[in-house]
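One structure below.
The values are calculated or read from the model by the stated rules, or taken from the named source; none is laboratory data. Just so you know, these numbers come straight off a predicted model, no measurement behind them. Note that we place each Cβ from the backbone using ideal geometry, even for glycine, and neighbour counts take in every protein chain shown.
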Amino acid sequence: MSSEANRPLVQVRGVTKDYYRDRIRVPVLADANIDIGEGEFLAIMGPSGSGKSTLLNLVAGIDRPTTGTIVVAGQELGSLSESRLTRWRSEHLGFIFQLYNLMPVLSAYENVELPLLLTRLSRRQRREHVETALKIVGLADRMDHYPRQLSGGQEQRVAIARALVNDPLLLIADEPTGNLDASAAVEILELLEQLNVQFGKTIVMVTHDPRSARRAHRLLHLDKGTFDERQIDALEAAS
């Protein structure tokens, strides 16, 4: 499945991103142009410091580009105020992080429910959403467990359920298997594939692992702020 086969969900046009250290300009992205198709599973690879996480933050509306535009599901993110952008993220995006970012004093159920506390859903509606998300990730029987009572793979599944609970248009995954052993990593990647194939979720995943990237439909390689597209089949030869 390629982005050309589906209408773009994400359009990045002429995006540059610069940071400043004292008065020294540090370019991170240079004239990036990317389309991400609706229902696509995109992997992004590149060396440390190449701008991968910066790109995720821009697409997610956490950061703003120096120049250029980013449109997600028809919404140009640069036109939104900070408060509207926060609301937009809560309604349309799901985030999956390397270190899970679970609250240790909350149960799995309560961690997954957190994003819904900012919505107008009733308690009953929130419960339905949370139970559905935990069922999808295979943890319906662990909802009362705390993070310390779960394995690393199970913690990441809770984090994925939390990302899913608002039924987002786009899942942003930043090194989602980077803190897991090989067996747990495979399980998480299989779950992401299921979310993409069975539930039609669009996924953008940053990874350093060619084995993880092979799960995607398409690979972009980022180095020194510029992209080149590579075939997934070429990963094995390069790794």
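What to note about this one:
- Of all residues in the stretch 131-157 being β-branched (Val, Ile, Thr) and assigned to a helix (DSSP H, G or I), the one that is farthest from residue 173 (Cα to Cα): 132
- Test: residue 160 is in contact with a strand residue (DSSP E or B) (Cβ under 7 Å, 6 or more places away or on another chain), assigned to a helix (DSSP H, G or I), of a type outside the set (Asp, Glu) and under 26 Å from residue 121 (Cα atoms): yes
- Any hit, the stretch 43-52, residues being among the basic types (Lys, Arg), closer than 30 Å to residue 7 by Cα and either modelled with pLDDT of 95 or more or out of contact with any Cys (no Cβ under 6 Å at 6 or more places or on another chain) (or both): yes
- Residue within the stretch 131-141 that is under 27 Å from residue 57 (Cβ atoms), surrounded by fewer than 22 Cβ atoms within 10 Å (Cβ to Cβ) and at pLDDT 90 or above present: yes
- In summary, strands (runs of 3 or more DSSP E) completely within the stretch 22-130 and bearing 1 or more residues that are among the hydroxyl-bearing types (Ser, Thr, Tyr) occur at 67-72.
- Sole exception among (1) crowded, with 17+ Cβ neighbours inside 10 Å; (2) within 19 Å of residue 50 (Cβ to Cβ); (3) at pLDDT 85 or above for residue 227, by number: (3)
- Taken as a whole, the condition of being in contact (Cβ under 8 Å) with a residue 24 or more places away in the chain, among the hydroxyl-bearing types (Ser, Thr, Tyr) and closer than 24 Å to residue 8 by Cα does not apply to residue 119.
- Residue within the stretch 30-50 that is under 14 Å from residue 16 (Cβ atoms) and hydroxyl-bearing (Ser, Thr, Tyr) present: no
- Test: residue in the stretch 34-55 that is surrounded by 21 or more Cβ atoms within 10 Å (Cβ to Cβ), of a type outside the set (Phe, Trp, Tyr) and more than 25 Å from residue 208 (Cα to Cα): no
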